[in-house]
Amino acid sequence: MTKSTSLATILVVDDSSERRDAIAAQLTSRGYRVLTAAESDEAIGLLEMTAVDLVMTGHNLPHFNGLGLVRYVHNNLKDTEVIVISAHPSISGAVEAVQYGACDYLAGPVSDEILMEAVAKATKRVVGRRSARDVASRDQSVRFGIVGRSDAMHQVFRAIEKAASTSATVLITGESGTGKELVARAIHYTSRRAAAPFVPVNCGGIPEGLLESELFGHVRGAFTGAIESRAGFFQTADGGTIFLDEISETSLPMQVKLLRVLQDKEVGMVGDSRTRKVDIRIVAATNKNLQTLVAREAFREDLFFRLSVITINVPPLRERGDDILILAHDFAVKFAREYDKPPVKFSDDALRVLTRYFWPGNVRELENIIQRLVVMADSDIIDAPDLPTLMRSTLPKSSKSPRPLAEVERDYIREVLAAVGGNKTRAAELLGIDRKTLREKLKE
């Protein structure tokens, strides 16, 4: 038999266990994922918990008839089709079923051929409708080369537009891995400086003793090893934008020099008494709270004010809702092409894990995980067990019985700690408490 390539999930509802099991067996043999229910209440319970592509229901069911179930699906589940199978078919019954929202009405007993043809047509409609919507969503979910359609990202997009229309200094804040450099590039390449250089500098990745020379350049003989004059990043970015990532990692003496550039638009090469005018826009980024560093006198207040003329906060991935699923899909397509692998899809359970995880590493962590999954995949379906153990262990445990608040709080703190690899500072930030309070709760 030919296996179904759609891997659709089908719910079979019939009060006759013999008919129910026979249909389920036929569908399973064709590669479909099959759920079964004996009556409407049970079916609705399953539909509330599981994504189903197609419901196949008998006309007469306990509690309320199959048409009531058809109406429920039509009113509540836009991506689910319904086929009604009637042991006592009638023209009026068929008309009524279609009016209620059924896509097909079959007179039982149904041959295997007719049954499979009806199922194939119904699931094809679901896939086609979903694909069309995904294309439309995709068109609306990418701006400035950045993926995102959540409200939080739309705020970022609006801020990019406003920043690009001026030459004001911009400070981009956000956790590691959120895409701050992408925002900086978007600002540059939609501004009037787009044709000029965009020069990214990782201030935390350059040793302090070399940072001044790298930024400002040096003349021949300025220090041991300076065998020739060399321009710095500021000169290279002349006319364009320099992106100072991890600005919080610069020393206080270096901050004084950066302040001079911001104030006077002049740079002096190491070993040279002269200064040169530069026409540059400075965009800085940090994953730390600069105001806190200012209060600790670890960052100059005047430089902070100069940098934060426009401030854009890039939200963490856990606050971006369905953007997680869009990004996961994009990365899966990207790496499948890169490694010449078949496209992969995610099961419903895998998607639930992805959306409930805390993502301490944000978009960068998601990209790395999807890359690993594509490389290691044994099939074209990624299921929950394929995901890293840490991600699965942080899923909230379902429990219908009430529990004491202290117990719920304790379990939640454990989940957050596990999600951030035991980093108590990060856990305290996510929980909205200070480290001292967290230590006290851990002792308890």
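Any read-out appearing in this document is the output of simple, stated calculations on the displayed coordinates, not a laboratory observation. Just so it is clear, the model here is predicted, and its values are computed rather than measured. Positions of Cβ are backbone-derived with ideal geometry, glycine not excepted, and every protein chain shown enters the neighbour counts.
Give me, ordered by chain and number, the residues 5 or more places off A226 or on other chains with an amide H under 5 Å from its own placed amide H.
Residues meeting the amide H criterion: G221.
Among the lysines, which have Cα under 18 Å from the Cα of K180 when same-chain residues fewer than 8 positions away are ignored?
The reachable lysines, counting only those whose Cα sits under 18 Å from K180, are K162, K288.
Can you tell me the relative contact order of the chain? Whole percent, Cα pairs under 8 Å, sequence separation 6 or more.
On the way: 692 pairs, mean separation 48.9, N = 444.
Across the chain, relative contact order equals 11 percent.
Looking at V82, G31, L366, which one has the Cα that reaches farthest to the positive end of the dipole of the chain (charges on Cβ: Lys, Arg +1; Asp, Glu -1)?
Most positive-ward Cα: L366.
For every helix of n ≥ 4 consecutive DSSP H residues, a contribution of -39,500 (n - 2.57) applies; sum these over the chain, divide by its total residues, and give [θ] at 222 nm rounded to the nearest 500 deg cm²/dmol. Intermediate results must be reported in sequence, preceding the final value.
Working: 19 runs with 213 residues, N = 444.
Here the helix-only value at 222 nm equals -14500 deg cm²/dmol.
Note down the nm distance, to one decimal, between modelled labels 7 Å out along Cα→Cβ at D380 and at S308.
5.1 nm
Can you tell me the length gained on complete extension of the stretch D279 to R125, counting 0.36 nm per residue apart and subtracting the Cα distance?
49.7 nm
K257: which lysines have alpha carbons under 20 Å from its alpha carbon, excluding same-chain residues fewer than 8 sequence positions away?
Candidates past the 8-residue exclusion: K265, K277.
Using mean Cβ contacts within 10 Å as the protection proxy, how do 331-342, 279-290 order, highest first?
Packing proxy ranking, top to bottom: 279-290, 331-342.
Ordered by residue, what ³J(HN,Hα) values in Hz, to whole numbers, does region 264-278 give under the Karplus form 6.51 cos²θ - 1.76 cosθ + 1.60, where θ = phi - 60° and Gly and Pro are x?
Values, residue by residue: 9, 6, 10, 10, x, 6, 4, x, 10, 7, 8, 10, 10, 6, 10 Hz.
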